[in-house]
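Just below is one structure, and these are the notes that go with it.
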Amino acid sequence: DAERDSFTAGKFPDNFKWSFATAAYQIEGAWDADGKGKNIWDTFSQTDGNVQNNDTGNDACKSYYNMVRDVSNMKSLGVKDYRFSLSWARLCPTGKCKDASGQEKRGIDHYHKFLDLLIEADIEPFVTLYHWDLPQNLETTYKGWEGAQVVEDFGDYARLVFSEYGHKVKNWITLNEAEVVCDLGYGIGVFAPGKANLKSQFDCRHHTVLAHTKAYHIYNDEFRATQKGQIGITMNTDWYEGFNESKDNYDAAQRWMDLQLGFWADPIYLTGDYPESVLKNNNDTILQRFTAEQISQNKGAADFFGLNHYTTRLVTDGNAAGENKGVDYTQHTCPQWPQAGSEWLYSVPWGYKKLLTYIHNRYDSEQYPIYVTENGVSSRGNGTDFEPELDDQWRIDHYTGYIGQMKRAIDEDKANVQVYTAWSLMDNFEWASGYTERFGMVWVNFTDPARPTYFKDSALFYSDLITTNELQCSDGTNDGTCKAA
Ligand code: PNW
């Protein structure tokens, strides 16, 4: 489909921000340094059988000790924005931040030093409070995100973070991908803490909405007036499209959008409450309902719409056996879609445009600007290769296609997208896949204790895009319309 796949090269809006993303557990290492408490990913990865090759984040990119390396890589590439996350258990080893006795000064100082380096390099921080590394103590004492107490504890953690760093940080992201946290961590059990239970999954989901809302109101009531920053949440969603024109399949795709995105986005950006299909298809022994007061607290509890997006699925009504229509759904991929190193990730640029337009229309991107906080693509290896693989034209093609479709959503559909963030600055610990999947634009040698880094071709492509604010066609022609890669 030529019209659907082509896009136009050219300039992005002035002030458009191009960023890189990472997360604490995936890059820092130093898992027990300077008083840091254990978190659920330490426990999970240090238990045999949970992660490919039994890899852990114990050392990862050693970014805890290589702050200067990371900042100078970004500076050389001309990047002006950086999204990273704080390790809760570094700041408060048991997860309890309320009193000074629960706080770890060395951990707090570490991020002060890092923020100072960024500011000195003229790089604007986008800081995620929670990127999956829950202090183990909270999991042990009240089952982590399953327990209602997590909402209070997250609030205390957020308050500490705002009061410590709020004069240096103007962009806050509360939670990264609560859907993955709850569905993969508590529903299927392939991520930490490794539980597989439907009720656990939905209790987790419910508490993440409340925890976000709590942190938003703390910022609003106690810090906004003096710090003048902004705060939002980052949600992940694929684009779900009906397999064909059938109304049943269209409805099934919408139900999936409701469950993966609407579960957070509807309460926060639309109605204050869960989407209708979610309320209808889950009885109240599985799905806790919001009180009227919670609904009014949820509604409007964000300054921007944080989006992580990677891939697309086609959806049919009912389960694989063709049963349970109107409630279940089955996802499909196309044989023509290029598959990445991660088995779930197919490169489908046109789905990204449709998703941005969907979000613009449903959640009003004029009121809540869209910040794309992750998009990227992986290669597969064994993680122990020491010869840098720097020629990644296929990754440049992925980025060119996705960024080109984002440009169409902005130009043609008036989607108010203000930030784009590439996942990731550098290769890192890819969760249950360990070091077997590389998402970085910067190559990391994981076999060398010094963790040297090398720019891949995609890093140079992205650097060019950032400095010119202009997308080029992948084939080097730049006469307006680019064909799909
Ligand atoms: C995101 N899936 O996670 C995370 O925010 C990053 O930390 C991660 O490294 C990146 O995407 C690449 O995976 C996801 O299985 C993990 O569909 C798994 C899935 C989606 C997103």
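The values are calculated or read from the model by the stated rules, or taken from the named source; none is laboratory data. From a predicted model like this one, the values you see are computed outputs, not experimental measurements. Glycine also receives a Cβ, built like all others from the backbone with ideal geometry; neighbour counts cover every protein chain displayed. Protein only, heavy atoms only, side chains kept; ligands, DNA and RNA dropped before computing areas. Shrake-Rupley method; radii C 1.70, N 1.55, O 1.52, S 1.80 Å.
Candidates in the stretch 411-443 are the residues that are surrounded by fewer than 21 Cβ atoms within 10 Å (Cβ to Cβ) and out of contact with any Lys or Arg (no Cβ under 9 Å at 6 or more places or on another chain); of these, the one that is nearest to Asp5 (Cα to Cα) is Asp411. Here Asp55 does not fit the description of being over 23 Å from the mean Cα position of the chain (by Cα) and of a type in the set (Asp, Glu). Answer yes or no as to whether Tyr269 is open to solvent by less than 10 Å² (accessible area, probe 1.4 Å) and of a type in the set (Phe, Trp, Tyr). No.
When both residues are 6+ apart or on different chains and their Cβ atoms are under 9 Å apart, which pairs have a first residue that lies in the stretch 427-442 and is farther than 12 Å from Gln26 by Cβ and polar (S, T, N, Q), and a second that is assigned to a loop (DSSP other than H, G, I, E, B) and more than 7 Å from the ligand (Cβ to nearest atom)? Cβ pairs passing all conditions: Thr436/Asp55; Thr436/Gly341; Thr436/Gly381; Thr436/Asn382; Thr436/Gly383. Scan the stretch 290-333 for residues that are surrounded by 20 or more Cβ atoms within 10 Å (Cβ to Cβ), among the basic types (Lys, Arg) and away from the ligand (no atom under 16 Å from the Cβ) and the total you get is 0.
Let's see how each residue does on (1) within 21 Å of the chain's Cα centre (by Cα); (2) open to solvent by 20 Å² or more (accessible area, probe 1.4 Å):
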| position | (1), (2) |
| --- | --- |
| Glu152 | no, yes |
| Gly155 | yes, no |
| Leu160 | no, no |
| Gly166 | no, no |
| Val181 | yes, no |
| Ser200 | no, no |
| Met235 | yes, no |
| Phe243 | no, yes |
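Annotation for the stretch 272-282: no member residue is within 15 Å of the ligand (Cβ to nearest atom) and surrounded by fewer than 21 Cβ atoms within 10 Å (Cβ to Cβ). For Lys36, the stated conditions do not hold, so it cannot be described as open to solvent by 40 Å² or more (accessible area, probe 1.4 Å), closer than 25 Å to Gly95 by Cβ and either basic (Lys, Arg) or within 16 Å of the ligand (Cβ to nearest atom) (or both). Just for the stretch 370-391: of the residues that are part of a loop (DSSP other than H, G, I, E, B) and within 16 Å of the ligand (Cβ to nearest atom), which one is farthest from Ala23 (Cα to Cα)? Out of the qualifying residues, it is Gly381.
Among strands (runs of 3 or more DSSP E) entirely within the stretch 395-485, having at least 2 residues that are in contact with a Ser or Thr (Cβ under 8 Å, 6 or more places away or on another chain) and of a type in the set (A, V, I, L, M) singles out 417-423, 442-444. Within the stretch 77-101, the set of residues being touching a residue at least 60 places away in the same chain (Cβ under 8 Å) and open to solvent by 50 Å² or more (accessible area, probe 1.4 Å) comprises Lys80, Lys96. Candidates are the residues of the stretch 334-348 that are more than 16 Å from the ligand (Cβ to nearest atom) and open to solvent by 40 Å² or more (accessible area, probe 1.4 Å); the one that is nearest to the chain's Cα centre (by Cα) is Pro338. When you look at Glu179, is it closer than 27 Å to Phe84 by Cβ and within 12 Å of the ligand (Cβ to nearest atom), yes or no? The answer is yes for Glu179. Taking first residues from the stretch 259-272 that are at positive phi and partners that are open to solvent by less than 10 Å² (accessible area, probe 1.4 Å) and not hydrophobic (A, V, I, L, M, F, W, C), the Cβ contacts under 6 Å between residues at least 6 apart in sequence or on separate chains come to Gly272/Asn298. Scanning the stretch 355-394 for residues that are among the charged types (D, E, K, R), in contact with an Asp or Glu (Cβ under 7 Å, 6 or more places away or on another chain) and open to solvent by 40 Å² or more (accessible area, probe 1.4 Å) turns up Arg380, Asp391. When Gln367 is tested against the conditions (1) part of a helix (DSSP H, G or I); (2) away from the ligand (no atom under 16 Å from the Cβ); (3) not β-branched (Val, Ile, Thr), the lone failure is (1). Within the stretch 105-124, residues that are under 20 Å from Lys17 (Cβ atoms) sit with their Cβ atoms under 7 Å from residues that are open to solvent by 50 Å² or more (accessible area, probe 1.4 Å), at 6+ positions apart or across chains, in these pairs: Leu117/Val68; Ala121/Lys75; Asp122/Lys80; Ile123/Lys80; Glu124/Lys80. From the list Ala409, Ala422, the one residue that fits, being away from the ligand (no atom under 12 Å from the Cβ), in contact (Cβ under 8 Å) with a residue 24 or more places away in the chain and touching a strand residue (DSSP E or B) at 6+ places or on another chain (Cβ under 7 Å), is Ala409.
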